1. Using the Karplus equation 6.51 cos²θ - 1.76 cosθ + 1.60 (θ = phi - 60°), what ³J(HN,Hα) coupling, rounded to whole Hz, does each residue of the stretch 142-159 give in order, writing x for Gly and Pro?
2. With all protein chains present, how much of the accessible area of the stretch 5-166 (probe radius 1.4 Å) comes from carbon and sulfur, to the nearest whole percent?
3. Would you kindly calculate the translational diffusion coefficient of the stretch 13-130, applying Stokes-Einstein with the Kirkwood radius from alpha carbon pairs, for 4 °C and a viscosity of 1.567 mPa s, and quote it in µm² s⁻¹ without decimals?
4. Run the helix sum for the chain: -39,500 (n - 2.57) per DSSP H stretch of 4+ residues, divided by residue count, reported at 222 nm to the nearest 500 deg cm²/dmol.
5. For the stretch 23-167, give me the percentage of DSSP beta bridges that are antiparallel, rounded to the nearest 5 percent.
6. For the stretch 42-91 and the stretch 116-167, what is the separation of their C-alpha centers, rounded to whole Å?
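The values are calculated or read from the model by the stated rules, or taken from the named source; none is laboratory data. Not measured: the values here are computed from a predicted model. SASA here: full protein model, heavy atoms, side chains in, ligands and nucleic acids out. Shrake-Rupley method; radii C 1.70, N 1.55, O 1.52, S 1.80 Å.
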Amino acid sequence: MDRCVVIVGFMGCGKTTVAKTLARQLGCNVIDLDSFITEREGRSAAEIIAQDGEASFRSVETRALGDALENGDPRVISLGGGAWTVEANRALVAQHDCLSVWLDAPFELCWERITANPNTIRPLAPNLETAQKLHESRRASYRLAQLHIDATKELAELVDDITRGLA
Ligand code: S3P
């Protein structure tokens, strides 16, 4: 693979799982941007948002994405759910000629996964109504990704679809 793949989509759409499985299949590195941020900053995305506010987190996120793209071999990167809605981040991904992939999952599936694990704190999805509005309002941005994939498919099919998109 000579091209980086960037996986985008709403919280709970399966970005991290798909990215890990895809990277294993392609034999390349994988970066989960939220984990990368946690390692660099010593605080999770949720903690940064709670302590410093969302705007501050977005600056941290853009810097981290730039550094992740700058340094290293072709790889798979899964973004946090809001990263792709930021124009500067989309520009960085385009500059590096990455394949952007939107995992499009219906809100009900995302919400089921968001609420299934109470240990994963998602400050921007504190209740169903807020999360549903955010899911709807972000679709226009997610649509700007180059590859649009129905995230309700089986994991193996999702990975095959992306692999075909790389060909
Ligand atoms: C966010 C999603 C989270 C994390 C942060 C903000 C968002 O990542 O980056 O809480 O704005 O949707 P996941 O999509 O991995 O939950």
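1. 4, 4, 6, 5, 6, 10, 10, 10, 6, 6, 7, 5, 4, 3, 4, 5, 4, 5
2. Values: 3780 of 7850 Å².
Reported share for carbon and sulfur atoms: 48 percent.
3. Numbers: Rh = 15.2 Å.
Estimated diffusion coefficient is 86 µm²/s.
4. Details: 8 runs with 92 residues, N = 167.
For the chain, the value works out to -17000 deg cm²/dmol.
5. Numbers: 0 of 8 bridges.
If we restrict to bridges inside the stretch 23-167, about 0 percent are antiparallel.
6. Spelled out, the Cα-based centre of one part sits 16 Å from the other.
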